[in-house]
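See structure below.
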Amino acid sequence: MSNYSKIRQDLTNQKLIVVSKKRSIEQIQQYYLMGERCFGENRAEELIDKAKQLPQDIEWHFIGHLQRNKVKMILPYVSYIQSVESIELVKIIDKEAQKLDKVIPILIQFNFAQEDTKSGIDKEEAITFINQCLTYPNVKVQGIMCMGPHTENTEEILAVFKEAQTYFNMLQEKFGHDMIKECSMGMSDDYLIACQCGSTMVRIGSKLFE
Ligand SMILES: *Cc1c(COP(=O)(O)O)cnc(C)c1O
């Protein structure tokens, strides 16, 4: 946990999502005891298994590719789905959330880095996509999520996060600041750059656990 206090100090207004994928219950408990309450997982079975064993006041964020047939099983446990990138997925989340009488906050995943290996919708599709989401009452769009490019070139990362920030601000103007609140960007290696560019949520794993 040697990086923890530095990371906590670096974060000013950003919410910290402790990315706990592949980490043990005991490792998660350490951060819980330090006061952390938001944890991120990218596999449905793993999230459920951990949620069942850990305290109820944890806010679980789903941050990975979500298969449609897994939506129903994770909904009782998740507070946020950060990685929504198709309207088919929105439809299923809405339907299953309705059965549970829940409204699920979602973030729309963008592919600003334009890397084929990364998923997410393109900027051009976003407004139509959000307008479509608005027709599903049990799904609540709260912002965007993106990943930086896979590079150590700081300038390149900065350029992608700046673009995300500009786009986030545009969506806020268009849909309102009450609705578009979260810009989830920044991971272990690039969270400081993301924070400079207006990130509201960082998702940090390896730097906290290794
Ligand atoms: C694994 C993961 C993270 C955390 O990455 P680290 O580099 O370990 O901090 C953040 N976001 C997503 C979507 C991830 O899959």
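Give, rounded to the nearest 20 debye, the magnitude of the charge dipole that the chain has about its Cα centre when Lys and Arg contribute +1 at Cβ and Asp and Glu contribute -1 at Cβ.
Details: 25 positive and 29 negative charges, 150 e Å.
Using Cβ point charges on Lys, Arg, Asp and Glu, the chain gives about 720 debye.
Taking θ as phi - 60° and the Karplus parameters 6.51, -1.76 and 1.60, the scalar couplings of the stretch 124-137 work out to 4, 8, 4, 5, 4, 4, 5, 4, 5, 4, 5, 7, 10, x Hz in sequence order, x denoting glycine and proline. Helices in the chain, meaning DSSP H runs of at least 4 residues, each add -39500 (n - 2.57). Divided by all residues, the mean residue ellipticity at 222 nm is -11500 deg cm²/dmol.
For the pairs Lys140/Lys207; Lys6/Lys181; Lys99/Lys162, flag any whose C-alpha to C-alpha distance is greater than 29 Å. Before the final figure, lay out each step's value.
Working: Lys140/Lys207 31 Å; Lys6/Lys181 26 Å; Lys99/Lys162 39 Å.
Flagged as over cut-off: Lys140/Lys207; Lys99/Lys162.
Here the Karplus relation 6.51 cos²θ - 1.76 cosθ + 1.60, evaluated at θ = phi - 60°, turns the backbone of the stretch 19-36 into coupling constants of 7, 9, 4, 6, 9, 7, 4, 5, 5, 5, 4, 4, 6, 4, 5, 7, x, 6 Hz, with x for every Gly and Pro. Under the classification rounded if a/c is under 1.5, otherwise prolate if a/b is larger than b/c and oblate if not, where does the chain fall, given a ≥ b ≥ c as square roots of the Cα gyration tensor eigenvalues? Oblate.
When Asp189, Asp94 are ordered from fewest to most other Cβ atoms inside 10 Å of their Cβ, what list results? Kindly include the intermediate steps, with their values, before the conclusion.
Working: Asp189 15, Asp94 19.
Lowest count first: Asp189, Asp94.
Build a GNM of the chain with springs between Cα atoms under 10 Å apart, and of Ile104, Ile58, Ile17 the one that fluctuates most is Ile58. When only Cα pairs below 8 angstrom with a gap of at least 6 residues are kept, the chain shows a relative contact order of 20 percent. Applied to the stretch 59-65, the Karplus parametrisation 6.51 cos²θ - 1.76 cosθ + 1.60 on θ = phi - 60° returns per-residue 3J(HN,Hα) values of 9, 8, 10, 8, 10, x, 5 Hz, with x for Gly and Pro.
All of the numbers you see were taken from the coordinates with simple rules; none came from a lab. Bear in mind the structure is a predicted one, so any value in this text is a computation, not a measurement. Virtual Cβ from ideal backbone geometry, glycine too; neighbours counted across all protein chains shown.
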